[in-house]
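No value in this document is a laboratory result; all are computed from the given coordinates. Small disclaimer: the values here were computed from a predicted structure and weren't measured. No Cβ is skipped: glycine too gets one built from the backbone with ideal geometry, and neighbour counts run over all protein chains shown.
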Amino acid sequence: MKRSRAVLTRPRKSAAPAATAKAGKKTQYVYVFGAGRADGSTQMKQLLGGKGANLAEMTNIGVPVPPGITITTQACRTYYDLGQRWPKGLEEELQQKLRWLEKVAEKGFGDPKNPLLVSVRSGAAVSMPGMMDTILNLGLNTQVVQGLIVKTENARFAYDAYRRFIQMYSSVVLDLEHKHFEEILHK
């Protein structure tokens, strides 16, 4: 059975200094790894963060890792330089690389019958244990969770995965405290 998760690493704001793009060359903001292909390597730690560079390198040496994509530290810096707006071309590049990820994983992002669930993990050039944000099961919604129940024949698993996604997203993106969820679970 193929793995149903993929990994998406994203840099923290505190990432390393910007890499300069060659004149006239479009900046690449999204790199892929897995399924025998890696756009990066371990030498690109400043651009891909530690996780992204190491996952690319493991792919390069033949270690079987789940396929994934890494959004560069340059994209993060540019996002903040633009007043928290996405850099031009990032959306299109991300969509293109997500289509690649769907193809190699043989799953569809948002597809209730065969869902691709993505783990979003922060990264930085320098390891910062305990400081990185994670969102698991990105891709779940009310329709996809119903499909996951059918696919796994395990409603408890599917709803728990959905709960974890909502809880992590609420904490990382919306800055809600976990205690609100814990109070409800203990009632």
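A few points about this structure:
- Note on the stretch 115-187: Cα convex hull, mean projected area over all directions, 6.0 nm².
- Förster radius 25 Å - calculated FRET efficiency between Asp81 and Arg37 (Cβ-Cβ, nearest 0.05): 0.25
- Links that overshoot a 27 Å alpha carbon limit, given the list Lys26/Lys51; Lys107/Lys179; Lys45/Lys151; Lys97/Lys151; Lys51/Lys103; Lys26/Lys103: Lys107/Lys179; Lys45/Lys151
- Counted charge near Phe157, where neighbours are those whose Cβ lies closer than 13 Å (Asp, Glu -1; Lys, Arg +1): +2
- Less than 5 angstrom separates the built amide H of Leu116 from those of Gly108, Phe109, Gly110, Asp111, all sequence-distant by 5 or more or on a different chain.
- Every Cα-Cα pair in the stretch 73-128 was counted, and those over 12 Å apart are 74% of them.
- Extended-chain gain in nm, criterion 0.36 nm per residue less alpha-carbon gap, Leu176 and Asn60: 37.9 nm
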